[in-house]
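The values are calculated or read from the model by the stated rules, or taken from the named source; none is laboratory data. Quantities reported herein were computed from a predicted structural model and do not represent experimental measurements. Backbone-built Cβ (ideal geometry, glycine too); neighbour counts: all protein chains shown.
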Amino acid sequence: MRLLQLWAFGFCHLLFMNTSDSEEDSYNERSALVQCESPTIPSYNQDHDMSLPQETDTKRRRPVSSGLDEPGPVERERASTPDGEEEELTLKYGAKHVIMLFIPVTLCMVVVVATIKSVSFYTEKTSQRLIYTPFEEDPNSVGQRLLNSLLNTMVMISVIVVMTIILVVLYKYRCYKFIHGWLILSSLMLLFWFSFMYLGEVFKTYNVAMDYPTLVMIIWNFGVVGMICIHWKGPLRLQQAYLIVISALMALIFIKYLPEWSAWVILGAISIYDLIAVLCPKGPLRMLVETAQERNEPIFPALIYSSAMVWMVGMADSSNPDSGELHFTSCHMLKCLLVGFLTGGVKLGLGDFIFYSVLVGKAATTGGDWNTTLACFVAILIGLCLTLLLLAIFKKALPALPISITFGLVFYFSTDNLVRPFMDSLAAHQYYI
Amino acid sequence: MTVAVFFGCTFIAFGPAVALFVFTIARDPLRVIFLIAGAFFWLVSLLLSSLVWFITVQISNKNSATQQTGLLIFGVVLSVLLQEAFRYGYYRLLKKANEGLLALSQEDTMPISIRQLAYVSGLGFGFMSGAFSVVNILSDSLGPGTVGIHGDPQHYFISSAFMTLAIILLHMFWGVVFFESCERQRWWALGAVVISHLVVSCVTFVNPHYQGSLIPTYIILSIMAAWAYLCAGGSLRNLKLCLTCKDKDFLLANHRPR
């Protein structure tokens, strides 16, 4: 079978959250995770937006209810209480939002790690690479390998920068239909094709016999419900579950197809890029946020993430017999997003989910050591906590990647090289510290 | 047998700790955050001690087994001391943060008391310590293999699980006693905590003679449990009232006259 080599054409979106707090000021758990398309539907949120946890261990506690339709009951609440109450409320709000972000991030990582540890497909090294990392890593020469991974990173980052700029331009000139169409196309690919691949690999791992009609039924239902939930309306939990699954699928694709060293360098480079793009005055993400705030509209009405149709650059003697003539996967480059503060919720971009999961997933692929995975997991959560703390202090959109990824990388390399031999020696002798 | 051993050892090692987490910590987001921060501090202390150990190993004679064991013992002692140092550091950080918050809010109560912080941070240390000690062993217990086929101890898994359970609970009690002694400036109590931690780690040097290591550990565990209970404000009277369901909280919750 011959594999055709085709060039990628991609459109890149950013996935990011609404940081403007004009109309979206009611505390909304749905919008806390993703900016949804339609205006918030009270009926779906009714049972979810219960009042905040009532702290019973302080003397002056007040039940705080989060209103759904009334704009900013929180603001009213705050205005009428003395400063002390406000600080305490802020602290508890902050803590609740931190936990509301911890849980989906943890779930995404758990899904990725569970898949990596059980389905061997995602850890098998393949000669196929994404078009964005064209340089092959030669395991024999360290210098060459490093150079190639740096080149791969530069290619990837420049593609991301170009895509971001295209997106900003599209947004500035109000080509909304284009953006929506792209979005729908990309989520279609993700929900149908990637989940089909994933399901196929899981069945292979567990040796489950499956016939095509059942499979088509399952994938069809999964995909259609996903499209409806994400782009239109759906129960909050289901939408959150779909976002987690999507992020996990994307992270698994990255883990499989990014070469070893390139993946680490890309993680580092993308957090630097995130920092620049969000904080510099001329950064594309910042311009996007400011444009949206000027126009006083939610930045994007639906889940937006970049999708690039990638045609796999394959070798003539590929080991993958199913590839047929064309094997294309849709590579979603979710841009690292902002953590945005809204007077009701905190939002985290799907890109952040994806890169956190990539880091933890790659930590899980190295050997049978769980300590490294655990260390990276804790490091990322603490980084996220610190980022949210900064968010509470500065109250503007912040990049969510730099602190967490830095901690994650530091802990990965130090745990893998320093802590692992120590703990292994201790376990061999059964010494406890 | 392997899956049964895996589940058994997991539940032995983590059962009480997870139960404590679910019933007392999971509801309150602030406590969860401080738990994870405690785990992070333990991790950093482990990192530093591994770094020092690694450096000493690199400059030592790798062929001499006695020297390596000696270095490992040194690593253990250093790690214990660093853990306690980081516990103290975490205490100072929490005090500062609490004072800052108190100053900002001008209230007389803090959203989370220092005793709750002591409990939560101790449990955080315990979780991380237990996880790092036992998770690899648990994942090995799933796979194919025979325990002790070369003459090693047969009870490796179960003794590890019990030791981990003891360590997790001990960290929690140490946390409570430590913070309390720092609050009351009772430095002898602080020293006692550090020494008991050292004793617990050092008795594990006699492994695989498990009776030599597990029994003293559990004795120290009961002593620390009683001490922590007293530090947290408990007393025999409270205990009696609680057990006979005559304590205030229970009565208020059930609207039963005393």
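Within the range A:241-252, being of a type in the set (Val, Ile, Thr) and buried (at least 23 other Cβ atoms within 10 Å of the Cβ) holds for A:Ile244, A:Ile246.
Looking across B:Ala97, B:Ala85, B:Ala37, one residue alone is in contact (Cβ under 8 Å) with a residue 40 or more places away in the chain, farther than 30 Å from B:Pro144 by Cα and within 11 Å of chain A (Cβ to nearest Cβ). It is B:Ala37. Evaluating A:Leu390 against the criteria (1) buried (at least 24 other Cβ atoms within 10 Å of the Cβ); (2) part of a helix (DSSP H, G or I); (3) more than 13 Å from chain B (Cβ to nearest Cβ) leaves one unmet condition, (1). When we screen B:Ser49, B:Ser60 for residues that are at pLDDT below 95 and either more than 11 Å from chain A (Cβ to nearest Cβ) or surrounded by 15 or more Cβ atoms within 10 Å (Cβ to Cβ) (or both), the only hit is B:Ser60.
Pairs linking a residue in the range A:125-140 that is free of Cβ contacts under 8 Å to residues at least 12 places away in the same chain and on the phi < 0 side of the Ramachandran plot to a residue that is polar (S, T, N, Q) and outside any loop (DSSP other than H, G, I, E, B), with Cβ atoms under 8 Å and 6 or more positions apart or on different chains, are A:Asp138/A:Gln144; A:Asp138/A:Asn148. Restrict the check to the range A:399-417 and report whether at least one residue is more than 8 Å from chain B (Cβ to nearest Cβ) and not in a helix (DSSP H, G or I). Within the range A:399-417, one or more residues are more than 8 Å from chain B (Cβ to nearest Cβ) and not in a helix (DSSP H, G or I).
Scoring B:Pro111 on the criteria (1) within 10 Å of chain A (Cβ to nearest Cβ); (2) part of a helix (DSSP H, G or I); (3) not hydrophobic (A, V, I, L, M, F, W, C) leaves a single failure, condition (2). The set of residues from the range B:1-32 being away from chain A (no Cβ under 12 Å) and not in a helix (DSSP H, G or I) comprises just one member, B:Met1.
Against the numbered list (1) over 20 Å from B:Leu78 (Cβ atoms); (2) facing another protein chain (nearest Cβ under 9 Å); (3) buried (at least 19 other Cβ atoms within 10 Å of the Cβ); (4) not acidic (Asp, Glu), B:Ile167 comes up short only at (1).
Flag: A:Ala363 does not match the condition of being buried (at least 24 other Cβ atoms within 10 Å of the Cβ), among the small types (Gly, Ala, Ser), within 12 Å of another protein chain (Cβ to nearest Cβ) and closer than 25 Å to B:Ser129 by Cβ. Collect the residues in the range B:40-79 that are touching a residue at least 24 places away in the same chain (Cβ under 8 Å) and of a type in the set (A, V, I, L, M), keeping them in residue-number order. Passing the criteria: B:Leu43, B:Val44, B:Leu46, B:Leu48, B:Val52, B:Ile73, B:Val76, B:Val77, B:Leu78.
Is at least one residue of the range A:368-386 part of a loop (DSSP other than H, G, I, E, B) and either more than 24 Å from B:Gly124 (Cβ to Cβ) or out of contact with any helix residue (DSSP H, G or I) (no Cβ under 7 Å at 6 or more places or on another chain) (or both)? Checked the range A:368-386: at least one residue is part of a loop (DSSP other than H, G, I, E, B) and either more than 24 Å from B:Gly124 (Cβ to Cβ) or out of contact with any helix residue (DSSP H, G or I) (no Cβ under 7 Å at 6 or more places or on another chain) (or both).
A single member of A:Val105, A:Val98, A:Val110 is free of Cβ contacts under 8 Å to residues at least 12 places away in the same chain and within 21 Å of the chain's Cα centre (by Cα), and it is A:Val110.
Counting only residues that are part of a helix (DSSP H, G or I) and over 18 Å from B:Pro16 (Cα atoms), which one in the range B:129-156 is farthest from the other protein chains (Cβ to nearest Cβ)? Looking at residues that are part of a helix (DSSP H, G or I) and over 18 Å from B:Pro16 (Cα atoms), I get B:Ser141. Residues that are without any contact (Cβ under 8 Å) to a residue 40 or more places away in the chain and buried (at least 16 other Cβ atoms within 10 Å of the Cβ) do not occur anywhere in the range B:204-212.
Scanning the range A:109-138 for residues that are more than 14 Å from chain B (Cβ to nearest Cβ), closer than 14 Å to A:Phe254 by Cα and at pLDDT 85 or above yields a total of 6. Among the residues of the range B:185-197, none qualifies, meaning not one is among the charged types (D, E, K, R) and within 14 Å of another protein chain (Cβ to nearest Cβ). Of the residues making up the range B:11-28, those that are under 28 Å from A:Met100 (Cβ atoms), within 17 Å of the chain's Cα centre (by Cα) and surrounded by 14 or more Cβ atoms within 10 Å (Cβ to Cβ) are B:Phe14, B:Pro16, B:Ala17, B:Val18, B:Leu20, B:Phe21, B:Thr24, B:Ile25.
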